[in-house]
1. Say we look at the stretch 33-86 and pick out the residues that are within 23 Å of E22 (Cβ to Cβ) and among the acidic types (D, E); which of these is farthest from the chain's Cα centre (by Cα)?
2. Exactly one condition in (1) among the charged types (D, E, K, R); (2) within 22 Å of the chain's Cα centre (by Cα); (3) at pLDDT below 75 is not met by E403; state its number.
3. Of all the residues that make up the stretch 236-264, how many are among the charged types (D, E, K, R), surrounded by fewer than 16 Cβ atoms within 10 Å (Cβ to Cβ) and modelled with pLDDT of 75 or more?
4. For the stretch 244-260, give me the residue count where each residue is in contact (Cβ under 8 Å) with a residue 12 or more places away in the chain, of a type in the set (D, E, K, R) and either in a strand (DSSP E or B) or within 19 Å of R187 (Cβ to Cβ) (or both).
5. Among (1) over 20 Å from the mean Cα position of the chain (by Cα); (2) at pLDDT 80 or above, which single condition is D268 missing?
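The values are calculated or read from the model by the stated rules, or taken from the named source; none is laboratory data. Since the structure is predicted, the reported quantities are computational estimates derived from the model, not experimental observations. Positions of Cβ are generated from backbone atoms using ideal geometry, with glycine treated the same way; all protein chains shown enter the neighbour counts.
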Amino acid sequence: MNRQKHYQQYFTPPPVARAMVEWVRPYLPLAPLVLDVACGEGILLRTVLEQELTAPDQVWGVDLDPHIKEAWHQDKLLEGCHLMVGDGLTFDPKAAGMDSGGVDLTIGNPPFNRARDLVSDPEVLKLFEIGRRPLTSVEESRLEAGQLPLDFPDETPILVRVFDHVETVVSQPIEALFVEKFIQATRPGGCIILVLPEGLLSNEGAQDVRDLIVAQTDVLAVVGLPRRIFDNDAKTSIIMMRKKRTPGRPQQEPVFLASVSETLRQGDANELDALIQRFRAGPGSAVEAREHTDPLQVLAQAPRAFYVAHSAEAWQEHPPETWEVESYRRWIGGEIEPQIGDPLLVYKFPSSTPGAGFGTVQRITAVERADAGKPGYHVVAGQWLVVHPPLTYREMEEDAAVEQWAAFRIRFRGWGRGGLIPLDTWAALRERLAERVTQYV
């Protein structure tokens, strides 16, 4: 029997796997804990390792197919990973010895697209919210006593039984349950990136799945893939989510929407690479940074900018590319609210450290108001422009074009401090930065 068809496994093409890892990378901490509860041969997990996202002992995978172990053992890259045969829907991370707080990243391409892949086992369904929806509302199931279609003769004994628990018998598509399983296994603030059939994101019958996604996660991106990318005719999409710390909280940022053309089927990954750059440039970015040779033109799109200051020690321990999206370590003071897409300049100090000064320009990707009593905002930003050599404080003091700099002087009172750059200063500052931009990230 064909294992692929029997277990409904359509293995992820390498260009798609690489794109999924690169999309989610900026949102993860160093050496993240990674899990795939429908891992198949482990293509996504091996890509996580190939792309050096984490270490093997931080990688976990589960698959129902007992024959898949042979493929795992033959793959040298998967040595040291925690791979096991079992039902991913009933997999208990805590019982398996994983961190009970949840994993940093769940990644997967769960099985889908067959009518007989409906799950009706009540012992499985009771593990999921979407497996317990009622067949009818309580109001629709009530009948007045006079409506009961029964006529009992006088003195007929009636046996009364009281049930305090009623189980509904329903079935759910296996892919719907896997979506919830991936979300369940992820820590608050962690990320989920999946390949899903388009019907799950659009069909009327899958509304409960979409309600769960909206309640439990912020959807960061949805990217449509061409048909037959998985050797079947199904239309699929990559969906990237971040698990909410407070379920039910409204979505915090716009969703990145895109689609990939048929060229991907011929192995051309250029379009996927371009979409990754667009996504990292931030929502609302009018122009892709990679398409420009003139950095000033890119910087000129931004009418304002913010800054944060970091000590050399903090920079080494928490380089910008490892900032956690929901750690909100970077605090911007003041009453001016940053917007997603605004530039964020990172200043590294002390001046005696190699590379001190403004060496990175980023785009803000998330904003949250600071705690009550502390005016300001917590922000997260993704890499955008590299400035080399860094623009130092001393240079700016000596530059007459930045005469407002003295009033703007950064107060080094701990890493993470920052604020809005005065508009006049920003107009001159971005010209100096543009002269030194050596790389688009």
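1. Ranking the qualifying residues of the stretch 33-86, first place goes to D75.
2. E403 satisfies every listed condition except (2).
3. 2
4. 2
5. Failing condition for D268: (2).
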